[in-house]
Amino acid sequence: MAYYRPPGPPPDPVLVRELTERQQQMRQQVRHEPLPGEPRLIAGCDSSFPTPDTILSVFVVLQLPTLELVEKVYSYGPVDMPYVPGFLSFREAPNVMEAFSKLKNPPDVIMVDGHGIAHPRRMGIAAHLGVLLDMPTFGVAKQKLTGRFTEPGTERGSIAPLLDNKTDEVIGQVIRSKDKVLPLFVSPGHRCDQAAATRLTLACLRGYKLPEPTRLADHWAEQFKKEVREA
DNA sequence: GCGACAG
DNA sequence: ATCTTGTCGC
């Protein structure tokens, strides 16, 4: 009898080997520390795919603590790399970097849609981008990639630690950002620690499941997507 | 062998 | 991520 097999073409083992190596190389550059000072500008980063082979990445910059939107930019281009769980960054980072270069207001920290170190090799896209940009970054994901946790309380603000499946090391925090909705997975990326990642996530909540940076980046990605599809 | 698998 | 209608709950 046949056994379960995830949909889509199987990942090329040769490619996976190479990416794993590059990823572990980058991991050695990751640092976790408190933010330099009180951040004034925080960016939100997210990507969408208007077509199967094109990517559109967005950056929004908000003022803290008002959460007022001060800038939004995007980059649209082709994607070559396929999506392979655990190697998302190699598929999205190139275009994300292009989008970042368009910002006129350099943020103090970046909130990325995806995981920071809550990753099999501690190199989620937030950590990956942090190393490439050499900037403070942290990840806010809607789904778990790795680790285990006990369900946090159902009330907004409840938090539970995300632990490494094998070592019990704390790799992130599971946060209930809104009453009775599925929790968020927050983890530091680069030049940022868990305390700062968690504090900023909570400071950016406005009644929605997603914190403003990520929520707005997601929102504008949707708008820009319509634009490029018409053009 | 079995389950899991960000966006 | 993306493709999609109706439907449940506050």
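What follows draws every value from the coordinates through simple rules; no lab data is involved. Just so we're clear, the structure is a prediction, and the values are computed from it rather than from any experiment. Counting neighbours? That spans all protein chains shown, and the Cβs are built from the backbone with ideal geometry, glycine included.
What are the ³J(HN,Hα) couplings of the range A:172-185, residue after residue, when phi is run through the Karplus curve with 6.51, -1.76, 1.60 and θ = phi - 60°? Round to Hz, x for glycine and proline.
For the range A:172-185, the Karplus curve yields x, 10, 9, 10, 8, 7, 7, 3, 6, 10, 4, x, 9, 10 Hz.
Please report the Cα spread of the range A:141-231 along all three principal axes, rounded to whole Å, starting with the longest.
In descending order, the Cα extents are 50, 27, 21 Å.
Exposure proxy check: A:VAL140, A:VAL228 ranked by fewest other beta carbons within 10 Å?
Arranged by neighbour count, lowest to highest, A:VAL140, A:VAL228 become A:VAL228, A:VAL140.
Give, in nm to one decimal, the length gained when the segment between A:VAL14 and A:SER101 is fully stretched (0.36 nm per residue of separation minus the Cα-Cα distance).
28.2 nm
Could you list A:ASP168, A:ASP46, A:ASP113 in order of exposure, starting from the residue whose Cβ has the fewest other Cβ atoms within 10 Å?
Result, fewest neighbours first: A:ASP168, A:ASP113, A:ASP46.
Given the pairs A:LYS102/A:LYS166; A:LYS104/A:LYS225; A:LYS166/A:LYS225; A:LYS102/A:LYS209; A:LYS144/A:LYS226; A:LYS104/A:LYS226, which span a C-alpha to C-alpha distance of over 31 angstrom in this model?
A:LYS102/A:LYS166; A:LYS166/A:LYS225
Below 8 Å between Cα atoms, with a sequence gap of 6+, how large is the relative contact order for chain A in percent?
Result for chain A is 21 percent.
Apply the membrane-span-like helix rule to chain A: whole DSSP H runs, Cα extent along the own long axis of at least 15 Å, mean Kyte-Doolittle hydropathy at least -0.5. List the helices found.
Both cut-offs are met by A:88-100.
Determine which residues of the range A:174-198 fall in the zone a paramagnetic label at A:GLU38 would reach in this model, i.e. backbone nitrogen under 20 Å from the point 7 Å along Cα→Cβ.
Flagged as within label range: A:192-193, A:195-198.
Would you mind telling me the antiparallel percentage of the DSSP bridges in chain A, rounded to 5?
The antiparallel fraction comes to roughly 80 percent.
Taking the Cα atoms of the range A:58-101, report the difference between the largest and smallest coordinate on each principal axis, in whole Å and largest first.
Rounded to whole Å, the extents work out to 38, 21, 11 Å.
Mind telling me which of A:LYS142, A:LYS104, A:LYS166 comes out most flexible in a GNM of chain A, alpha-carbon contacts under 10 Å?
Between A:LYS142, A:LYS104, A:LYS166, it is A:LYS166 that shows the largest mean-square fluctuation.
Work out the P(r) tail for the range A:1-129: percent of alpha carbon pairs separated by more than 21 Å, whole number.
Numbers: 4058 of 8256 pairs.
The answer is 49 percent, as a whole percent.
For A:GLU212, A:GLU169, A:GLU71, A:GLU21, what's the fewest-to-most ordering of other Cβ within 10 Å of each Cβ? The partial results should precede the final answer.
Numbers: A:GLU212 21, A:GLU169 13, A:GLU71 16, A:GLU21 10.
Ascending Cβ contact count within 10 Å gives the list A:GLU21, A:GLU169, A:GLU71, A:GLU212.
Between the range A:38-71 and the range A:169-186, how many Å separate their Cα centres?
21 Å
Which value results for Rg/Rh of chain A when Rg is the Cα radius of gyration and Rh the Kirkwood radius based on the inverse mean 1/r?
In chain A, Rg relative to Rh is 0.96.
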